[in-house]
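The values are calculated or read from the model by the stated rules, or taken from the named source; none is laboratory data. All figures in this text were calculated on a predicted structure; none of them were measured in a lab. Here the Cβ is made from the backbone with ideal geometry for all residues, glycine too, and neighbour counts use every protein chain on show.
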């Protein structure tokens, strides 16, 4: 076994050249002693975020740019807090999606290969997040116990409804749509579980920036800092031995992801480091009526909570991408769109109940969840020539 200082050097070099090994959270992280109660400069105990993140789950009302492909970056990532580049990419992606639908032609035949297929990039095996994975919520801002309980119930149910080991290959599940991303590369599928906090009422105060009109701005870099604060103050834990982690930043309605929440995106994902491990994390949040039209598909929702029901779909979108493209360089198309990006705001067949549409039921709870793109790129929807499906 290599000595720790050699392993640390290897990770630093790997980050420098963009070649990450996603070992995930492991026993090394669980060996952190209880004396680490405050933020530490020690790289083995401090969670550090990446300088880039994914393109976000787009807002519903994003406008299509005239530039199309010519103005769209082909990377699956954007620099932290680069709100302008994010919006330009979203607008160009919208224009290109519209063009695809108009020019699909023979690609609209059921069973044919879809236009703009998603591609596995050589060397990206590190981005396939296999095996047992714990989704670990990190609550930031002013959350009441009742509000947290509601979000834990609705969001946690999506993961726990996988049952047993939480294998995404479970039939009739929204996460099953990712199975081919693993099996076509001879990788074990991800097995998702939802982690409860060490202290049920624990939250991290949103204090890294001053509030403006009652809302605390949270930069992309701040998200990782809040996760680190949660870890260093024992508000959350590293995962159980044998599990990897995906940390889930959950901002309260008195915060706002300042690089474009509600104007360009409704959530995003990226990766960070904790010691020698590379760990994905996701950023979503509660929100006020200011952003209802941007991040919710309907004004009456299955669980009678517009922000929560909207974020259920965003969470599935970001988990889909976190387990298939954890390093932002594994599975994406020629325009930098990841699997869930290619089906954003596409819901397929829905059922109407008490004024709310839904397309998926888990644990007796109904959800309206966006569809996901199949790794084989086989057309499943002849109306637009896409490989989008709700569940398998």
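Looking at residue 239, is it assigned to a loop (DSSP other than H, G, I, E, B) and in contact (Cβ under 8 Å) with a residue 12 or more places away in the chain?
yes
I'd like the residue in the stretch 338-357 that is closer than 27 Å to residue 118 by Cα and surrounded by fewer than 21 Cβ atoms within 10 Å (Cβ to Cβ) and, out of all such residues, is nearest to the chain's Cα centre (by Cα).
Step one: filter the stretch 338-357 for residues closer than 27 Å to residue 118 by Cα, giving 338-350.
Narrowing further to those that are surrounded by fewer than 21 Cβ atoms within 10 Å (Cβ to Cβ): 345-350.
On the way: 345: 15, 346: 17, 347: 18, 348: 21, 349: 24, 350: 23 Å.
That would be 345.
Check residue 259 against each of (1) within 15 Å of the chain's Cα centre (by Cα); (2) buried (at least 24 other Cβ atoms within 10 Å of the Cβ) and name the one condition it does not meet.
With respect to (1) within 15 Å of the chain's Cα centre (by Cα); (2) buried (at least 24 other Cβ atoms within 10 Å of the Cβ), residue 259 is out only on (1).
Tell me the residue from 101, 185 that is more than 29 Å from residue 224 (Cβ to Cβ) and touching a residue at least 12 places away in the same chain (Cβ under 8 Å), please.
Details: 185 fails: more than 29 Å from residue 224 (Cβ to Cβ).
Going through 101, 185 in turn, the sole match is 101.
Scanning for something under 25 Å from residue 209 (Cα atoms) and modelled with pLDDT under 95, does the stretch 240-259 turn up at least one residue?
no
Could you say whether any residue in the stretch 196-210 is in contact with a helix residue (DSSP H, G or I) (Cβ under 6 Å, 6 or more places away or on another chain), without any contact (Cβ under 8 Å) to a residue 60 or more places away in the chain, surrounded by 21 or more Cβ atoms within 10 Å (Cβ to Cβ) and not in a helix (DSSP H, G or I)?
Within the stretch 196-210, the first condition is being in contact with a helix residue (DSSP H, G or I) (Cβ under 6 Å, 6 or more places away or on another chain), and the residues that meet it are 201, 204, 208.
Now restrict to residues that are without any contact (Cβ under 8 Å) to a residue 60 or more places away in the chain: 201, 208.
Still in the list and also surrounded by 21 or more Cβ atoms within 10 Å (Cβ to Cβ): none.
The answer is no; no qualifying residue exists.
Please find, within the stretch 171-183, the residue that is farthest from the chain's Cα centre (by Cα) out of those that are modelled with pLDDT of 95 or more and either under 18 Å from residue 365 (Cβ atoms) or assigned to a loop (DSSP other than H, G, I, E, B) (or both). Break it down stepwise before answering.
Going through the stretch 171-183, the residues modelled with pLDDT of 95 or more turn out to be 175-183.
Within this subset, residues satisfying the condition of being either under 18 Å from residue 365 (Cβ atoms) or assigned to a loop (DSSP other than H, G, I, E, B) (or both) are 175-176.
On the way: 175: 12, 176: 16 Å.
Checked the stretch 171-183; the qualifying residue farthest from the chain's Cα centre (by Cα) is 176.
Just to be sure I understand the filter: pairs with C-beta atoms under 6 Å, separated by 6 or more residues or on different chains, first member in the stretch 378-392 and under 14 Å from residue 340 (Cβ atoms), second member part of a strand (DSSP E or B). Which pairs pass?
Correct list of pairs: 387/373; 387/378; 388/373; 388/381.
What number of residues in the stretch 184-195 are buried (at least 19 other Cβ atoms within 10 Å of the Cβ) and in a loop (DSSP other than H, G, I, E, B)?
Residues in the stretch 184-195 being buried (at least 19 other Cβ atoms within 10 Å of the Cβ) and in a loop (DSSP other than H, G, I, E, B): 2 in total.
In the stretch 123-167, what residues are touching a helix residue (DSSP H, G or I) at 6+ places or on another chain (Cβ under 7 Å) and either surrounded by fewer than 17 Cβ atoms within 10 Å (Cβ to Cβ) or farther than 19 Å from residue 246 by Cβ (or both)?
150
Could you pull out every one of the strands (runs of 3 or more DSSP E) wholly within the stretch 284-370 that has 2 or more residues that are under 18 Å from residue 388 (Cβ atoms)? Break it down into steps so the answer makes sense when it comes.
Values: elements: 351-353, 356-358, 360-362, 365-367.
Output list reads 356-358.
Any residue that is touching a helix residue (DSSP H, G or I) at 6+ places or on another chain (Cβ under 6 Å), surrounded by 22 or more Cβ atoms within 10 Å (Cβ to Cβ) and not in a strand (DSSP E or B) - is there at least one of those in the stretch 379-387? Can you show your working first?
From the stretch 379-387, those touching a helix residue (DSSP H, G or I) at 6+ places or on another chain (Cβ under 6 Å) are 382, 384-385; that's our starting set.
Going one step further and asking which of them are surrounded by 22 or more Cβ atoms within 10 Å (Cβ to Cβ), we end up with 385.
Narrowing the set further to residues that are not in a strand (DSSP E or B) leaves 385.
Yes.
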